[in-house]
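The block underneath contains the structure these notes are about, expressed in structure tokens.
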Amino acid sequence: MVALSFSKDTKMAVSLKSIGTERLKNSYAARGASLYALAKMSIDGNVTNINAKDNKAAQGADDDVAPGALPEGGAAPLGERIDIRDNDSEQSDEHTDEKWSPGKNPYSVTIGDRDCDVYLSSENGKINVNALNNKNREFLVNFLKNRDVDSSEADTIADSILDWIDADDFTHVNGAEDGYYGSLSDPYKAKDALFYSLEEMTLVQGITPGIFDKIKDFVTVYGNKEISVNVNIAPTEVLSSIPGLSEDIAEELSLYIEENGSISDQEELKELFWGLGVIGDSYEDIKQYLTFENSDYITISAFSNGSGGMQKLSSDSGEHHGYDYKLIVGKDDRGYKIYAAYPE
């Protein structure tokens, strides 16, 4: 009986170790895919971390990638062959030297024995909470309600974010300043400055861990100081939160883009809205929240197809939430800078 007990425990330990090993392999494969995507994004005459000579030398036969093909400070993705299959509908050519750009569909890359999907998502497909003000707060309140946050809680969160990022000590009707945060069991002060990271939002009154999980994939702290979302990539959850824009119209917009490609200019957008019955002042009110340009900040989300834990697909928006490895990067004078990595 003792021998059988030890045998059972040993089998269980081996099984758990095997699961842990698989998760580790998935994480490192996704990390390699993320770094490779960053290199592919950098194939540009103006924004680059890899000069043409280095890139040519690094890209060998059969799509072997040498360490020089990765951004400065990166490591070669597991030192294995990388098989590139470009699956983005807006990037139909399959040349391995083609630049990768944000889009709704993933790029595919094989890292070692792991097939990985990589999504490039412009941050202005999300709501920038650092750009919140009294004029556009309705956008955020609508979004919170659409994410099943109670109406009073939504008002509390919106006002508390305004108090957190403004420089004064005046409290909004439902907000919080130093008096509230100082009364907590672990007291601290309101920041009175912009959010530095998304996780910092959990310090704000009203944003519980549960609410943060509901909204974290749809909000950002990176980008211009205005709430203006890219109509071509913003998910339905975000578009339908724009004041005056219903969920039905948001779904029609997404369907049009899926069938006809990206909306290119204001005239096309105006004609589309006219066909949907949105005209005059209603159109002008909605238009101020929409743009066609991608942000300088991009999220790289990589998924190893061998994993089953963190990858989740939203049936409503068709967007991936969760990741095996994720980078948030932004353009600067020298190329792309990494602002955050998950897991660290």
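Looking at region 90-178, which chymotrypsin sites (Phe, Trp or Tyr not before Pro) are in a loop (DSSP not H, G, I, E or B) and have at most 10 other Cβ atoms within 10 Å?
Within region 90-178, the qualifying chymotrypsin sites (Phe, Trp or Tyr not before Pro) (loop, at most 10 other Cβ atoms within 10 Å) are PHE170.
Set against the 2.2 N^0.38 Å expectation for a compact globular protein, region 126-285 has a Cα radius of gyration ratio of 1.14.
Translational diffusion of region 191-233, estimated by Stokes-Einstein from the Kirkwood radius over alpha carbon pairs at 10 °C in a medium of 1.306 mPa s, is 134 µm² per second.
Once the Cβ-Cβ distance of ASP192 and LEU255 is raised to the sixth power relative to R0 = 56 Å, the FRET efficiency obtained is 0.85. When the trypsin sites (Lys or Arg not before Pro) in region 143-244 are filtered for DSSP coil states and for at most 12 other beta-carbon atoms within 10 Å of their beta-carbon, the remaining sites are LYS189, LYS225.
What full-extension length gain, to one decimal in nm, is calculated for GLU199 and PHE292 as 0.36 nm per residue of separation minus the Cα-Cα distance?
30.7 nm
Across region 129-216, Cα pairs under 8 Å and at least six residues apart give a relative contact order of 26 percent. Note on PHE170 and ASP281: the model spin-label points, each 7 Å out from Cα along the C-beta direction, lie 2.7 nm apart.
Express the Stokes-Einstein translational diffusion coefficient of region 120-183 in µm² s⁻¹, to the nearest whole number, given a Kirkwood radius over alpha-carbon pairs, 37 °C and a viscosity of 0.692 mPa s. Taking Rh from Cα pairs, D becomes 261 µm²/s. As a calculated quantity, the FRET efficiency between THR21 and ILE338 at R0 = 25 Å, using C-beta atoms, amounts to about 0.40.
Bear in mind these aren't lab numbers, they're just calculated from the coordinates by the rules spelled out. Since we're looking at a predicted model, the values are computed, not measured. Note that we place each Cβ from the backbone using ideal geometry, even for glycine, and neighbour counts take in every protein chain shown.
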